[in-house]
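Everything below concerns the one structure shown next.
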Amino acid sequence: MTGTLTENILAKASGKSKVIPGENIWVNVDILLTHDVCGPGTIGVFKKEFGTDAKVWNKEKVVIIPDHYIFTKDGKAHRNIETLTEFAKKQGLPYYYQPGTDNYKGVCHVALPAEGHVRPGEIIFGTDSHTCTHGALGAFSTGIGNTDAGFVMGTGKLLIKVPETIRFIFDGKKPNYITGKDMILRAIGDIGVAGATYCAMEFSGEAISALSIEERMTICNMAIEAGGKNGIIAADEKTLEYVKTRTSKPFEVIEGNPDAPAKATYNYICEELEPCVAMPHLPDKYATATSQREVKLTRAYIGSCTGGKIEDFIMAASILNGRKVSINTFIVPATTDVSAALLTETIDGKPLVQIFAEAGCEDIPLPSCAACLGGPRDTFGRANQREIVISTTNRNFVGRMGSKEAEIYLASPLTAAASAITGNITDPREFM
Amino acid sequence: MENNNIIKGKVYILGDNIDTDQIIPAEYLNLVPTIPEEYDKLGSYAMAGLPLDAEQFIAEGEAKTEYQIMIAGANFGCGSSREHAPIALSAAGVKAIIAESYARIFFRNSVSTGEVYPLESTESLNKVLKTGDEIEIDMDKEELTNLADNKTYSLKPIGDVAPVIAAGGIFAYARKQGMIK
């Protein structure tokens with residue numbers, strides 16, 4: 001096939017031999033993902049348009065993972081979860097990860113691939129902008145609103161515009177102090193928060209091949225922070241191993257043509273990258289961690305789909321091991337699997353939970369999105385007043401973590417952990 | 001007879017990169033837009049996330065805004081996929097937005113729901129107009145007029161989403177196309 005990776009996946013999903021950027025096409029959908037803040041509205045649209053007794057187009061393909069407002073006293077949040085529970089029961093949905101049961105998982109973008117719902121070459125839509133995460137496994141995956149999701153729920157199809165592709169090639173050998181987060185923050189800093197609007201961001205190069213699946217997810221997760229429609233990384237042996245241990249469903253790996261025309265290409269040499277942050281209040285406000293050494297912090301937050309996976313905590317613990325934090329430090333596992341792994345993963349024979357406890361971090365809560373997006377006022381870790389936060393999350397808009405007076409610096413788990421120790425923004429090399 | 005392709009109203013001026021957390025902060029996402037009272041409630045919180053020094057968008061004690069048109073810079077609606085954003089604006093009484101450019105999902109949600117018209121300006125109107133100015137948008141002529149001085153400014157053509165906007169959203173469009181019943 002002659003197109004880019006994204007174009008070739010979209011061509012197959014629309015039954016065409018070739019698609020052209022800018023063209024509007026109907027695609028067949030493989031997975032529709034929704035959660036507790038957009039699921040009830042999506043169900044509302046679905047019932048209004050298709051009828052209260054209508055059936056979803058394919059119950060194997062609708063995945064509901066509540067994760068946003070789970071551990072709150074907010075009555076409407078509970079009502080919304082009940083709406084999902086009733087719907088899943090009535091429709092007989094096999095993939096509903098219900099809060100309060102053993103099926104509960106936590107953050108949808110970490111659970112979706114971990115539970116085997118992401119396969120290379122497929123089309124995934126989700127009612128969450130960070131659905132672009134799943135391009136890390138060689139799928140086309142993007143965020144949509146409730147109305148489009150309601151449409152997909154009833155028809156299994158959606159009309160979309162074929163995006164142009166922007167290539168980001170990371171070559172060289174990645175130093176151990178550079179993470180996926182540093183790579184994507186640098187790319188967003190270079191092109192700006194609207195630099196990839198309506199475009200596919202395709203990541204490749206020897207440093208991308210060397211990354212784990214989780215680190216690739218961190219990179220694709222933040223494509224939306226540059227306005228990207230999707231982030232994507234071609235499937236390789238690592239992808240196949242990850243996917244095949246999680247699902248037996250068949251899939252077809254689709255390749256891109258490396259010579260297919262792209263809108264632009266950015267080249268990076270990983271040895272030249274630096275640990276960095278995005279300063280308040282936009283993800284493109286790139287600065288090296290070293291240049292921000294004077295910034296005095298009040299808290300550190302390590303969690304979310306971008307920074308709450310087990311590898312993120314292994315990175316943080318490698319810095320915090322045997323050291324003490326000097327500011328309030330929140331450790332928020334993304335999923336129940338991550339929570340369990342905090343007990344079993346060890347450094348120097350010590351489980352991560354012990355490392356975090358001895359370092360003086362706050363008690364670890366049950367997994368959810370928590371304060372990544374503020375949420376109800378009783379949300380764990382929410383900035384309810386002026387706080388200066390270093391955070392492994394993906395957005396630092398005004399008011400994003402609660403108070404409009406709070407300031408959020410986005411960073412890698414290494415940089416967040418190093419900063420938690422000193423209380424100032426700190427390059428992790430000081431502790432490596 | 002009222003011409004649906006003419007929108008007249010007061011404008012509210014905004015800058016670049018107005019994100020969805022400013023349009024509708026996450027603490028109000030527990031409201032479900034398809035429940036009528038919660039739809040209205042969302043409207044009362046529209047633009048509640050603006051920085052503390054911003055001009056009031058909805059007057060104290062009111063449920064709706066006096067500004068029917070938003071004038072913004074680049075990348076309006078960046079961030080979340082929350083459809084609550086165009087819905088909150090529409091529920092607050094906003095009819096149209098005129099920005100220099102949009103973030104993809106916000107634009108798409110505006111078109112798919114048919115809640116607000118996401119129009120694009122050909123220049124930085126947020127530097128020409130001021131909050132409270134009355135303007136008239138003529139969708140057919142793709143232009144707007146500042147009623148204070150009768151100056152006219154052109155809009156960009158709506159482009160390939162025009163049929164979806166004209167139909168009133170993705171469901172109406174798909175029915176017209178015979179895709180769904």
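Please treat every number below as a calculation from the coordinates, not as lab data. Since the model is a prediction, treat every value here as computed from it, not as a measurement. Here the Cβ is made from the backbone with ideal geometry for all residues, glycine too, and neighbour counts use every protein chain on show.
Under a crude label model (7 Å from the Cα following the beta-carbon direction), how far is A:THR298 from B:GLU66 in nanometres?
Once both label points are built, they end up 3.5 nm from each other.
Across the residues of A:41-53, average count of Cβ atoms on other protein chains within 10 Å?
Working: counts 12, 4, 2, 6, 7, 1, 1, 2, 8, 3, 1, 0, 0.
Per residue, the number of nearby Cβ atoms from other chains is 4 on average.
Which net charge results for the neighbourhood of B:PHE57, defined as the other residues with beta-carbon distances under 11 angstrom from its beta-carbon, given Lys and Arg at +1 and Asp and Glu at -1?
On the way: positive: B:LYS64; negative: B:GLU55, B:GLU62, B:GLU66.
Spelling it out: positives minus negatives among the neighbours equals -2.
Going down the table (A:LYS229/B:LYS95; A:LYS55/A:LYS90; A:LYS55/B:LYS176), which pairs top 18 Å between alpha carbons? It would help to have the intermediate numbers written out before the result.
Working: A:LYS229/B:LYS95 26 Å; A:LYS55/A:LYS90 9 Å; A:LYS55/B:LYS176 22 Å.
In this structure, A:LYS229/B:LYS95; A:LYS55/B:LYS176 lie more than 18 Å apart at Cα.
Could you run the Karplus curve 6.51 cos²θ - 1.76 cosθ + 1.60 with θ = phi - 60° over the range A:277-282 and give me ³J(HN,Hα) per residue in whole Hz, x for Gly and Pro?
For the range A:277-282, the Karplus-derived couplings read 9, 9, 6, x, 10, 9 Hz, x marking Gly and Pro.
Around B:LYS156, which amide H atoms from residues at least 5 apart in sequence, or from another chain, sit under 5 Å from its own amide H, with H modelled in the peptide plane?
Amide H to amide H, under 5 Å and 5 or more residues apart or across chains, B:LYS156 pairs with B:GLU120, B:SER121, B:THR122.
Could you tell me the calculated FRET efficiency between A:SER209 and A:ASP378, based on Cβ-Cβ distance and R0 = 41 angstrom, to the nearest 0.05?
E between A:SER209 and A:ASP378, to the nearest 0.05, is 0.40.
Count neighbours as other Cβ atoms within 10 Å of each site's Cβ, and list the GluC sites (Glu not before Pro) in the range B:8-64 that are DSSP loop with at most 16 such neighbours. Please report the intermediate quantities before stating the final value.
On the way: sites: B:GLU27, B:GLU37, B:GLU38, B:GLU55, B:GLU60, B:GLU62; in loops: B:GLU55, B:GLU60, B:GLU62.
Qualifying residues, ordered by number: B:GLU55, B:GLU60, B:GLU62.
Run through the range B:101-181 and list the GluC sites (Glu not before Pro) located in a DSSP loop whose Cβ has at most 12 other Cβ atoms within 10 Å.
On the way: sites: B:GLU115, B:GLU120, B:GLU123, B:GLU134, B:GLU136, B:GLU142, B:GLU143; in loops: B:GLU115, B:GLU123, B:GLU142.
Qualifying residues, ordered by number: B:GLU123.
Between A:LYS350 and A:GLU60, what is the FRET efficiency for a Förster distance of 60 Å, r being their Cβ-Cβ separation, to the nearest 0.05?
Numbers: r = 42 Å, r/R0 = 0.70.
About 0.90, to the nearest 0.05.
Let me know the Kirkwood hydrodynamic radius for the range A:5-268, please, with Cα pairs as the basis and the value in Å to one decimal. Please report the intermediate quantities before stating the final value.
Numbers: mean 1/r = 0.0534 Å⁻¹.
Over the range A:5-268, the inverse of the mean reciprocal pair distance is 18.7 Å.
For A:GLU405 and A:LYS324, compute 0.36 nm times the residue count separating them, minus their Cα-Cα distance, and round to one decimal in nm.
Numbers: separation 81, 0.36 × 81 = 29.16 nm, distance 2.74 nm.
Here the segment from A:GLU405 to A:LYS324 would lengthen by 26.4 nm.
Go ahead and collect, in residue order, the members of the range A:205-248 whose backbone nitrogen is under 19 Å from a label point 7 Å along the Cα-Cβ direction of A:LYS173.
A:205-212
If one computes the Cα centroid of the range A:179-239 and of the range A:300-375, what distance in Å separates the two points?
So the two Cα centres are separated by 24 Å.
Would you mind ranking A:ARG400, A:ARG386 so that the residue whose beta carbon has the fewest other beta carbons within 10 Å leads the list?
On the way: A:ARG400 30, A:ARG386 11.
By the 10 Å Cβ count, ascending, the order reads A:ARG386, A:ARG400.
Over the alpha-carbon set of the protein assembly as shown, divide Rg by the Kirkwood Rh and report the Rg/Rh ratio to two decimals.
Values: Rg = 23.1 Å, Rh = 24.3 Å.
We get a ratio of 0.95 for the protein assembly as shown.
Can you give the FRET efficiency to the nearest 0.05 for A:GLU82 and B:ILE180, using r as the Cβ-Cβ distance and R₀ = 30 Å? All intermediate terms of the calculation are to be shown ahead of the outcome.
Working: r = 29 Å, r/R0 = 0.95.
For A:GLU82 and B:ILE180, the calculated efficiency is 0.55.
Whole-Hz ³J(HN,Hα) for each residue in the range B:135-145, computed from phi via Karplus 6.51 cos²θ - 1.76 cosθ + 1.60 with θ = phi - 60°, x for glycine and proline: what do you get?
10, 10, 9, 10, 5, 5, 7, 6, 8, 9, 10
Rg and Dmax of the range B:6-176, using alpha carbons, in Å: what are they?
That works out to 15.1, 46 Å for Rg and Dmax.
Under a point spin-label approximation (7 Å from Cα along Cα-to-Cβ), what is the A:ASP74-B:GLU143 distance to one decimal in nm?
It works out to 4.6 nm between the two label points.
Could you work out [θ]222 nm for the protein assembly as shown from helices alone, using -39500 (n - 2.57) per DSSP H run of at least four and dividing by all its residues? Round to the nearest 500 deg cm²/dmol. If you can, show how the numbers build up before the last one.
On the way: 20 runs with 174 residues, N = 613.
The helix-only estimate for the protein assembly as shown comes to -8000 deg cm²/dmol at 222 nm.
Run the simple label-point estimate for B:THR122 and A:LEU366 please: 7 Å along Cα→C-beta, distance reported in nm.
Taking the two extended label points, one gets 5.8 nm.
Rounded if a/c is under 1.5, else prolate if a/b is larger than b/c, else oblate: which is the range A:264-359, with a ≥ b ≥ c the root eigenvalues of its Cα gyration tensor? Write down the numbers at each step before the final one.
Numbers: a/c = 1.91, a/b = 1.53, b/c = 1.25.
Here the range A:264-359 falls in the prolate category.
Can you tell me which of B:LEU29, B:LEU89, B:LEU14 moves the most in a GNM of chain B? Springs connect C-alpha atoms under 10 Å apart.
B:LEU29
Other chains near A:347-354: what is the mean number of their Cβ atoms within 10 Å of each residue's Cβ? Please list the in-between numbers first.
Values: counts 0, 0, 0, 0, 0, 0, 0, 0.
So the per-residue partner count for this stretch is 0.
Pop out the ³J(HN,Hα) list for the range A:245-250 in order, Karplus 6.51 cos²θ - 1.76 cosθ + 1.60 with θ = phi - 60°, rounded to Hz; leave Gly and Pro as x.
In residue order, the calculated couplings are 7, 10, 8, 9, 5, x Hz.
If you take each beta carbon of peptide B:170-177 and count the beta carbons of other chains within 10 angstrom, what is the mean? Present the calculation step by step, with values, prior to reporting the outcome.
Values: counts 9, 9, 1, 2, 8, 1, 0, 2.
That works out to 4 on average.
List the trypsin sites (Lys or Arg not before Pro) within the range A:89-182 that DSSP assigns to loop and that have no more than 13 neighbouring Cβ atoms inside 10 Å. Let's see the in-between values first.
Numbers: sites: A:LYS89, A:LYS90, A:LYS105, A:LYS157, A:LYS161, A:ARG167, A:LYS173, A:LYS181; in loops: A:LYS105, A:LYS173.
When the trypsin sites (Lys or Arg not before Pro) of the range A:89-182 are filtered for loop state and at most 13 Cβ neighbours within 10 Å, A:LYS173 remain.
Under a 5 Å amide H to amide H cut-off, with H placed in plane at 1.01 Å, what residues pair with A:SER403 once short-range neighbours are removed?
Close amide H contacts, sequence-distant or interchain: A:ALA383, A:ASN384, A:GLN385.
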